[in-house]
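Structure, as structure tokens:
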Amino acid sequence: MLKNNQKKDIIQTPIRMCVVCRSKEAQKNLHRLQIKAARIVNFSGVGRSFYLCKACVKKDEKVLQKAFSKLNKGIMQLNLKEILLNGES
């Protein structure tokens with residue numbers, strides 16, 4: 001049986017879905033990004049965003065391009081590796 005503190009942690013953990021593999025994970029385990037001017041950037045706090053899991057970051061660029069083109073409904077620059085490695089915005 002769970003204690004009250006454990007129940008509270010389970011209930012209050014936000015769950016989000018990766019846009020590429022559609023897996024659900026805790027929000028703190030995902031990268032939060034957004035699309036601005038056909039480029040992927042870190043979430044600035046304003047506007048629509050999406051989440052990407054750590055396993056999908058390592059996937060082939062062609063797979064990521066296909067998933068992100070559905071989000072943006074067009075062609076976009078895939079600068080994801082730069083953002084996640086360098087922390088660019």
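Looking only at residues in segment 43-65 that are open to solvent by less than 50 Å² (accessible area, probe 1.4 Å) and farther than 15 Å from residue 17 by Cβ, which one is farthest from the chain's Cα centre (by Cα)?
Step by step, filter segment 43-65, then rank; the result is 64.
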query: Is there a residue in segment 21-42 that is outside any strand (DSSP E or B) and modelled with pLDDT under 85?
result: yes
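The values are calculated or read from the model by the stated rules, or taken from the named source; none is laboratory data. These numbers come from a predicted model, not from an experiment. Don't worry about glycine lacking a Cβ; one is built from the backbone with ideal geometry, like all the others, and counts go over all protein chains shown. What goes into the accessible areas is simple: the full protein's heavy atoms, side chains included, and nothing from ligands, DNA or RNA. Shrake-Rupley method; radii C 1.70, N 1.55, O 1.52, S 1.80 Å.
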